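Since the structure comes first, as structure tokens, the remarks are kept for the end.
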Amino acid sequence: MSNDVPAEFAEALADLRAQGARPGVHVEEIAAPVRVAPYSAAFAGEVTGEDAGADDDPVATGRFVVLHDPAGQESWQGTFRIVTLVRATLEPEMAADPLLAEVAWSWIPECLQLAGLRPGSDAVAEGGTVTRVMSKSFGALSNTPDAVDLELRASWTPADTRLGAHLQAWTALLSTAAGAPPLPAGVTALNRRFTDRPPRPHTVGP
């Protein structure tokens, strides 16, 4: 395993780590996948409700992964690829909306634009899936409220190494899935770093 990090990847990491936390979103650097690309970095995020206690589950969670292959990959249309995941619990009545998947997918370009990025230019080769799961309990669990879980997986290729804005777009996506109105670009509060804990080292693949 080589410890030499390409200059482009180092620049991308520096831009990511220079970003602050969006209000209401907790983000921390985590271990990255090791077999998907030669170089990678990953972040995990969660959004908790305003009245949530210490033991309450977050209303939205997700991951933001950066992959880098200096040789490039044809399907990426570049040397970097951003892979994101967002999971959220929605109001049960939303499950009946036939356009739920389309609406959820529309959040991607909206959040990119909120972060000052242009879909199709600053972010290309977008792709992904939207999955919804309805849960209804019976018998001894019949008093458990119905639930709708939404899972949004999306990936795209950034135009350059300035990935901080892409991370901000993802945190806006987390907030949107959690039901919180996203903040426009330039209004995001950057009053602290991702977490008070020291960042975990990024993974450099074989």
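The values are calculated or read from the model by the stated rules, or taken from the named source; none is laboratory data. Keep in mind it's a predicted model, so treat the numbers as computed, not measured. In this analysis, Cβ positions are derived from the backbone assuming ideal geometry, glycine residues included, and neighbour counts consider all displayed protein chains. Side chains are part of the model used for accessible areas, which takes the heavy atoms of the whole protein and leaves out ligands, DNA and RNA. Shrake-Rupley method; radii C 1.70, N 1.55, O 1.52, S 1.80 Å.
Tally time: how many residues in segment 102-119 are over 13 Å from E151 (Cβ atoms), of a type in the set (G, A, S) and assigned to a helix (DSSP H, G or I)?
Of the residues in that region, 1 qualify.
Select from segment 77-101 the residues that are outside any strand (DSSP E or B), touching a residue at least 24 places away in the same chain (Cβ under 8 Å) and either among the acidic types (D, E) or open to solvent by 20 Å² or more (accessible area, probe 1.4 Å) (or both) and list them in ascending order.
If the condition is that a residue be outside any strand (DSSP E or B), touching a residue at least 24 places away in the same chain (Cβ under 8 Å) and either among the acidic types (D, E) or open to solvent by 20 Å² or more (accessible area, probe 1.4 Å) (or both), then Q77, E91, P92, M94, A101 are the ones that fit.
In this structure, is L183 at pLDDT below 95, under 17 Å from the mean Cα position of the chain (by Cα), of a type in the set (A, V, I, L, M) and part of a loop (DSSP other than H, G, I, E, B)?
So L183 passes the test.
Kindly indicate which of G120, G127 is modelled with pLDDT of 95 or more and loosely packed, with under 15 Cβ neighbours inside 10 Å.
G127
List pairs: first in segment 31-46 and closer than 20 Å to T61 by Cβ and part of a loop (DSSP other than H, G, I, E, B), second modelled with pLDDT of 95 or more and aliphatic (A, V, I, L, M), Cβ under 6 Å, 6+ apart or cross-chain?
A32/A41; A32/A42
Of all residues being hydrophobic (A, V, I, L, M, F, W, C) and modelled with pLDDT of 80 or more in segment 79-97, which is nearest to E8 (Cα to Cα)? Just the residue, please.
Here the residue is F80.
Does segment 165-174 contain at least one residue that is surrounded by 19 or more Cβ atoms within 10 Å (Cβ to Cβ), in a strand (DSSP E or B) and modelled with pLDDT of 95 or more?
No: segment 165-174 contains no residue that is surrounded by 19 or more Cβ atoms within 10 Å (Cβ to Cβ), in a strand (DSSP E or B) and modelled with pLDDT of 95 or more.
Could you tell me whether R162 is open to solvent by 60 Å² or more (accessible area, probe 1.4 Å), under 23 Å from G45 (Cα atoms), touching a residue at least 12 places away in the same chain (Cβ under 8 Å) and not in a loop (DSSP other than H, G, I, E, B)?
In short, no.
In a strand (DSSP E or B) and touching a residue at least 40 places away in the same chain (Cβ under 8 Å), is that true of A125?
So A125 passes the test.
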